[in-house]
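Let me begin by presenting the structure, written as structure tokens, before commenting on it.
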């Protein structure tokens with residue numbers, strides 16, 4: 001009957017009404033008391049109050065008890081009955097996604113950027129308790145979604161990402177710096193960035209290696225993924241006669257990306273198609289499973305019905321007494 005938890009504890013403040021009403025009743029009864037003077041109280045010796053007189057306060061007590069029980073019922077008392085040892089992921093992750101024009105190349109299906117978005121979405125679905133954020137970059141970098149555990153919102157913002165949201169180019173260093181800014185104050189057991197790009201840093205005030213040094217200072221690991229088929233890839237070019245595919249050479253700075261990962265204690269991956277890209281995210285998902293065991297209570301049993309029943313019973317008792325044995329004659 002007694003609760004381990006209350007779903008609506010704010011209602012318990014209403015219990016202060018009970019002592020307030022008791023005090024008001026006491027003050028009112030005292031004000032109604034009259035006085036009769038007798039020369040001697042000897043004639044009243046031996047007279048004892050009847051049971052009915054002794055019980056005259058029972059209806060009031062019953063009403064106060066009913067009020068208290070109903071207030072507790074409104075607070076929804078709960079019993080915690082299922083103790084479990086659970087494991088959670090103590091990780092904060094920022095996804096850095098390149099949306100430059102070259103990401104429209106179609107060596108991935110349907111193109112690099114859409115393939116990256118789909119695999120990132122699947123990666124998010126595979127996490128449970130981690131905070132994940134999203135930074136997009138091209139010639140500039142900005143935060144599309146701050147760190148959150150609201151995965152539906154994060155995935156919705158991810159789906160809105162497209163080429164042309166910022167000026168074209170590839171500002172890898174600025175993207176890493178933006179990710180560092182999101183993670184530097186994190187209290188998580190593990191802080192990770194996953195950088196996906198298909199190009200060479202050619203924009204921004206911060207170069208990738210300088211940004212990587214800053215990330216390493218904050219114990220942030222930066223996994224880098226270079227996307228693009230070996231050699232050349234088809235690229236859609238608008239013409240007056242429709243879209244024409246033109247072959248463009250792969251232009252990926254593997255050396256810099258690999259160095260960034262090594263400096264931060266992470267790994268560099270190369271993805272040449274949808275299948276290898278999906279496998280890379282799966283590998284990173286397995287690498288970044290920092291388990292924290294916690295003791296949690298997961299199952300709650302509602303107890304408000306017991307208190308509600310007690311309150312109704314107290315109301316019925318008070319009404320029954322006032323209508324029968326304690327009925328007042330007008």
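All of the numbers you see were taken from the coordinates with simple rules; none came from a lab. In this text, all values refer to a predicted model and were calculated from it rather than measured experimentally. Ideal geometry is used to build each Cβ from the backbone, glycine not excepted, and the neighbour counts take in all protein chains shown.
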Put in order of increasing Cβ neighbours within 10 Å, starting from the fewest, 108, 11 give 11, 108
Potential extension, residue 251-residue 28 segment - 0.36 nm per residue separation minus Cα distance:
71.2 nm
Provide the FRET efficiency to the nearest 0.05 for the residue 287-residue 217 pair, computing r from the beta carbons and using R0 = 30 Å.
0.90
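Checking the a/c ratio against 1.5 first, then a/b against b/c, what shape does the Cα gyration tensor give for the stretch 107-152?
oblate
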For the stretch 113-198, fraction of C-alpha pairs farther apart than 18 Å, in %:
42 percent
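If you rank 149, 224, 143 by fewest surrounding Cβ atoms within 10 Å, what's the result?
Numbers: 149 12, 224 29, 143 16.
Least crowded to most crowded, the residues run 149, 143, 224.
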Quick one: Cα centre-to-centre distance for the stretch 250-274 and the stretch 169-228, in angstrom?
12 Å
Along principal axes, largest first, the alpha-carbon spread of the stretch 241-291 in whole Å comes out as 56, 23, 13
Stretched out fully, how many nm does the piece from residue 21 to residue 142 gain, at 0.36 nm a residue minus the Cα gap?
37.6 nm
Only counting other Cβ atoms within 10 Å, I'd like 165, 263, 193, 247 sorted with the fewest neighbours first.
247, 165, 263, 193
Cα-based Rg of the stretch 91-289 normalised by 2.2 N^0.38 Å, two decimals
0.96
Report the FRET efficiency, 1/(1 + (r/R0)^6), for residue 109 and residue 202, where r is their Cβ-Cβ distance and R0 is 25 Å, rounded to 0.05.
0.40
Between residue 210 and residue 7, what is the spin-label point distance in nm, taking each point 7 Å from the Cα along the Cα→C-beta axis?
5.6 nm
